[in-house]
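Notes follow once the structure below has been shown.
The values are calculated or read from the model by the stated rules, or taken from the named source; none is laboratory data. Model, not experiment: these values are computed from the prediction. A quick note on method: Cβ atoms are made from the backbone with ideal geometry, for glycine too, and the neighbour counts reach across all protein chains shown. Surface accessibility is based on the protein's heavy atoms, side chains included, excluding ligands, DNA and RNA. Shrake-Rupley method; radii C 1.70, N 1.55, O 1.52, S 1.80 Å.
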Amino acid sequence: MKKLFCLFFCTVLISANAWAQDRATLMQDCLSISDCLEKIEQTLPIKDNGRIFGDERQIATVLKARFGRQARDELLKRAVGDHGGWRNFTGGVLRYWGDWSEDDVPILKQALELNPGGSIAHVLAEIGSDEAIAALFDDLIRSGGANQTGFALRNLGPEVLNYALPALSAPSYDDLPEDAPYTEGWRAVASLIGSFGSRSTFIADDWIAVANKRKATNSERIAALRGLAAMNGYLGNKGAALRRLLRSRNREIANQTYITLVSTYDPTVARRFAETCRPSSDKWDEFAFSSFDCLSQLSDFGSNARDAGDLILPFLNVSNKIEQLYAIEALGLIGYEPAIPEIEKRLESPDWRFAYASVRALAQMNSKSSVPKIELALHDHWLPELNNYAIQAVRLLIKNHPYSETMFDPRHFQFHKAFGNYTLPYDVSDECKRQVWVYGDEHITFEQRDRNNRNVIPFADGELVGTDQGEFGGNLTWKSNDGSEVILVNDNTIDIFPIDGGLISIHGLSHMTFSYGYAAYVTREDDGSFSAEEIARFPGAAYRVAQLSDGMFAAEAEGRVVIFSKDGIQDMAYCDWSAGPDDPLN
């Protein structure tokens, strides 16, 4: 894949450079502007593909020196013509032309309408008149900010926000019917405001005044509230001046005020927002997106949401484990100290993620009283990374240092820092060169085999079928001979092993930046029904599993080999450095 990408990318670069060299040569021979432009046209694609060729500045310099205003006028004709390749290319050339005036804005505006997000935006920014900047905002709401228009506006600096209020009234794609033309609308303006960080707040008082002004139109007031929401936590205590609008009889204003105060983490709406966070996920859901969105946003309130912590406690007892983990993290980040006893109980969880999330939450709450329990639970944990992390967290606690992951030794912080990410980022797969591990007296190797996206265990009255469709999902399903089906584990099923008393099934997924894996114990009841419970949480997806004896297994996940049984994880196996010449000590 890397070779194919390089082949494609390098070919594009070589082609672009070749065209640039051809144009430079052609420019030396042409005698008139029409002759020059005709030769350039031979190198351009017919359609606008958004490409920047790299020689635009050079061509602008040559054409301006040789033909002056005549060349500029000819380029402007092509900027508003029917040839897509010319529209794109002339924008790149005219960007470096200079000597513009307000009289040029109408045709430049037309050119930008025909080539949204194109380089003509920089020309309008250079002119900088009210009409020119209005044209930029018109294009921003039409085409978004991930283009030259957004770049040009950001380069103008936060002062450009003086022109932003009308654009914040523009409807966005989610405000319009599904069949309406796509438009970024006010959301693109909000992104622009956010890009300025604290520098955007110079205009906050003006927009607060508009939001509170009863004589202003609804559209103006909502636009102002949207702009303030885009400032996020940078708005700070200024948001207090908006709180009275929560009680407005104008429901549109009241609702937008609530959205704005949530976006700026105002304490007066924290509890109301927390009430919207409800457990809703299936037992086997590994992502629980709805709870993630709600609890991660609540955690952004920090201590401003502390009084809402009691509303999050019920998450600790739901069937979905990832929802429980999100709740532990959120409780730590908002500093809800009454939750400490409940969080301490999770330190001894057989699922390593609970121990990690609990230590993190307790450290964030500066719970010095939890140190003995942290040390007792994790001093010899089977996962070395977790043991090292706990040691570092305790050191911060006993030194009265505030919890800060920047103070951790990077060798001992081998976890993602983002909310709700329990993927171990450090893959040690390459460290055991000979791929032989030791557990007690046993040497462990894994057979090389193709992944099977369907595993079947037959029974007299039906079959257990495990499917693995990667990122598209899979499951473990009981299919009875009478045609009925029951999903036992709603997740990719990598392998199934019969053992005395039941079966061990392996589940998980490794895709892009995340990797998770676990084992479940499947049993059959006297009435013929099946049940499944998670018994072992691995450090990542386990696509290689070996059965050591009846009921004892080894699973390789992210280079770490875990020993487990139906009773949970027993230990880790370690690389056998004596297995071959790759021993680093030799």
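Any idea what the relative contact order of the chain is, in percent, if you count C-alpha pairs under 8 Å spaced at least 6 apart?
This gives 6 percent for the chain.
Taking all protein chains in place and a 1.4 Å probe, what share, in percent, of the accessible surface of the range 257-377 do carbon and sulfur account for?
52
Hey, if you put +1 on the Cβ of every Lys and Arg and -1 on every Asp and Glu Cβ in the range 227-290, which of W284, Y265, L246 ends up farthest toward the positive end of that dipole?
The one lying farthest along the dipole's positive direction is L246.
Which of the trypsin sites (Lys or Arg not before Pro) across the range 142-240 are loop residues per DSSP, with 12 or fewer other Cβ within 10 Å? Could you put the intermediate results ahead of the total?
Numbers: sites: R142, R154, R187, R199, K213, R214, K215, R221, R226, K238; in loops: K213, R214, K215.
Sites meeting the loop and neighbour criteria: K213, R214, K215.
Dipole of the chain, Cα-centred, from +1 at each Lys and Arg C-beta and -1 at each Asp and Glu C-beta, to the nearest 20 debye?
Value, rounded to 20: 2480 debye.
Separation of the range 359-385 and the range 153-190 by C-alpha centroid, Å?
The range 359-385 and the range 153-190 have Cα centres spaced 47 Å from each other.
Rounded to the nearest percent, how much of the accessible area of the range 24-143 (1.4 Å probe, protein heavy atoms only) is carbon and sulfur?
Ligands and nucleic acids excluded, carbon and sulfur reach 46 percent.
With the Cα gyration tensor of the chain in hand, give its eigenvalues times 5 under a square root as the equivalent ellipsoid semi-axes, listed largest first in whole angstrom. Before the final figure, lay out the partial values.
Working: eigenvalues 593, 247, 115 Å².
One finds semi-axes of 54, 35, 24 Å for the chain.
If I model a spin label at I46 and Q448 as a point 7 Å from the Cα along the Cα→Cβ vector, what separation in nanometres do I get?
5.0
How much of the accessible area of the range 460-567, in percent, comes from carbon and sulfur atoms when a 1.4 Å probe is used? Present the calculation step by step, with values, prior to reporting the outcome.
On the way: 1950 of 4160 Å².
With neighbouring chains kept in place, the figure for the range 460-567 is 47 percent.
Angle, helix 352-364 long axis vs. longest principal axis of the chain, Cα atoms, 0 to 90°, nearest 10?
Helix 352-364 and the main axis of the chain meet at about 60 degrees.
Past 20 Å, Cα to Cα, is the threshold; run K321/K479; K345/K373; K238/K417; K368/K417; K213/K238; K321/K345 against it and keep the listed order.
Listed pairs above 20 Å: K321/K479; K238/K417; K368/K417.
What nm value, rounded to one decimal, do you get for the distance between N400 and S32 when each label is placed 7 Å out toward the C-beta?
For N400 paired with S32, the spin-label model returns 8.6 nm.
Taking the alpha-carbon centroid of each part, what is the distance from the range 283-328 to the range 73-107 in angstrom?
About 53 Å separates the Cα centre of the range 283-328 from the one of the range 73-107.
Hey, got the dipole for the range 451-586? About the Cα centre, +1 on K and R Cβ, -1 on D and E Cβ, debye to the nearest 20?
320
Setting aside same-chain residues fewer than 8 positions from K77, which lysines have a Cα under 22 Å from its Cα?
Result set, ordered by chain and number: K39, K47, K64, K109.
Would you kindly state the longest site-free stretch of the chain, with sites defined as GluC sites (Glu not before Pro) in a DSSP loop (not H, G, I, E, B) surrounded by at most 14 other Cβ atoms within 10 Å?
1-177
If Lys and Arg each add +1 and Asp and Glu each add -1, what is the summed charge of the other residues whose beta carbon sits under 13 Å from the beta carbon of R142?
-2
What accessible area per residue, rounded to a whole number of Å², is obtained for the chain using a probe radius of 1.4 Å?
Result: 49 Å² of accessible area for each residue.
What is the list of residues in the range 44-88 whose amide nitrogen lies under 11 Å from a point 7 angstrom out from the Cα of Y96, following Cα to Cβ?
53-64
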